[in-house]
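Here is the structure we will look at.
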Amino acid sequence: MTKAPASVLVVMPTWVGDAALATPLIEALHEQYPDARKDFLIKPYLRGLLDDAPWLGDVFETARGRAFWSLRARLARRRYDWGILLPNSMRPALLLFMAGVRRRVGYARNGRSPLLTDRLGFPDTKGRTVPFRMVDFYGAIGTRLGLTPPDRTGLRLYVRDEIRERAGRLLRDSGVTGSAPVVGLNPGAKYGSSKLWPVESFARTGDALAGKLQAQIVVMAGPGEDELAAEIVARMNARAVAIPSAKVDLEMLKGVLSRLDLLVTNDTGPRHIAAALGIPTVALFGPTHALWGDSGFEQSVDLSIEVDCGPCMQRTCPLHHHKCMNLLEPAAAIAAAERLLRRDA
């Protein structure tokens, strides 16, 4: 039988969506070892994603240069029993090795195998882009540690009442009353322009849902995406509001998403946050395969069309026609949104 750890350091993935997809593993760890201290090493911008979770211990931010050595000393003083490496990069594996973490488990990638005590083989794709579920990819680390997955499926994030109330005030101040279904449109994607559904398609979807279901439309904007959100609002015939990105950090984003009845979104981080909060989602796919982010969330509809050039996994369309997104009709998103809203009601 595996000896229960007194302390665990979890190195979180870089991307917001991947971090949300790692939460089933963390939930399983907490369920099996509730008394173990669980600390996290993260990119600075991820802090708000983890806040309010019952398993959250101390949080350390990744560091380089002289700060790396200071961080190594701080971690060494903790004498961690386990280190869980979710990203596949060399630097965090070296850090945990130098900090004396007793058991270090992760995938044997990028030459870091000698730094790990437990090495998992990366899925053999034979040089091809073969999709696999990231939830299972992280879950295999839990299996190596002897964890039993939770009974329920899906992702899990937490929002304290104060943040929900602040998000409610922000929406009310923007004119969203809550007297009708509130639908969020999320038109951005940090990955690259290849993931972007056309602005006109978002506007047509918002107009249809406002007209058919009297939905109130909220257009979300991440950093650098305010002009994109404003363009959708300008193109819509129905009234819509854009929430300025300056007012929504990652913690407040959880609060705003928790207030929605539905999110229509590109394949990007807020999609997974919404799923982790139980908010029905319509997700739009072009260059990426839906299987990567499949979390088992039953109130999600994934939409895509078959094209001869995809899914290409490129950040920008290499053929410059972007037909995987341009030919994805708003009618499909509207129908899926109607089904989810009526089922939820």
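If you take the residues of region 129-181 that are surrounded by fewer than 18 Cβ atoms within 10 Å (Cβ to Cβ), touching a residue at least 24 places away in the same chain (Cβ under 8 Å) and β-branched (V, I, T), which of them is nearest to F297 (Cα to Cα)?
Ranking the qualifying residues of region 129-181, first place goes to T153.
Each row is one residue, and each column tells you yes or no for (1) more than 24 Å from the chain's Cα centre (by Cα); (2) closer than 24 Å to G222 by Cβ; (3) buried (at least 17 other Cβ atoms within 10 Å of the Cβ).
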position: H30; (1), (2), (3): no, no, yes
position: K43; (1), (2), (3): no, yes, no
position: W69; (1), (2), (3): yes, no, no
position: A73; (1), (2), (3): yes, no, no
position: Y80; (1), (2), (3): yes, no, yes
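Just name the residue that is farthest from G65 (Cα to Cα) out of those in region 92-117 that are at pLDDT 95 or above and surrounded by fewer than 17 Cβ atoms within 10 Å (Cβ to Cβ).
T117
Which of the following residues is in contact with a Lys or Arg (Cβ under 7 Å, 6 or more places away or on another chain) and under 30 Å from F297 (Cβ atoms): L85, L49, L116, L95? Before the answer, list the steps.
Details: L49 fails: in contact with a Lys or Arg (Cβ under 7 Å, 6 or more places away or on another chain); L116 fails: under 30 Å from F297 (Cβ atoms); L95 fails: under 30 Å from F297 (Cβ atoms).
That would be L85, the only listed residue that is in contact with a Lys or Arg (Cβ under 7 Å, 6 or more places away or on another chain) and under 30 Å from F297 (Cβ atoms).
Name the strands (runs of 3 or more DSSP E) wholly within region 8-87 that hold at least 2 residues that are among the basic types (K, R)?
Numbers: elements: 37-42, 59-61, 82-85.
In region 8-87, the matching strands (runs of 3 or more DSSP E) lie at 37-42.
Identify, by number, the condition in (1) surrounded by 17 or more Cβ atoms within 10 Å (Cβ to Cβ); (2) without any contact (Cβ under 8 Å) to a residue 60 or more places away in the chain; (3) within 20 Å of G17 (Cβ to Cβ) that P223 doesn't meet.
Only one criterion in (1) surrounded by 17 or more Cβ atoms within 10 Å (Cβ to Cβ); (2) without any contact (Cβ under 8 Å) to a residue 60 or more places away in the chain; (3) within 20 Å of G17 (Cβ to Cβ) is unmet by P223, namely (1).
Pairs please, first residue from region 18-42 and more than 21 Å from D136 (Cβ to Cβ) and touching a residue at least 24 places away in the same chain (Cβ under 8 Å), second anywhere and surrounded by fewer than 19 Cβ atoms within 10 Å (Cβ to Cβ) and among the aromatic types (F, W, Y), Cβ atoms under 6 Å, 6+ apart in sequence or on different chains.
L41/F60
The values are calculated or read from the model by the stated rules, or taken from the named source; none is laboratory data. Here the structure is a predicted model, which is why all the values come from computation and not from measurement. No Cβ is skipped: glycine too gets one built from the backbone with ideal geometry, and neighbour counts run over all protein chains shown.
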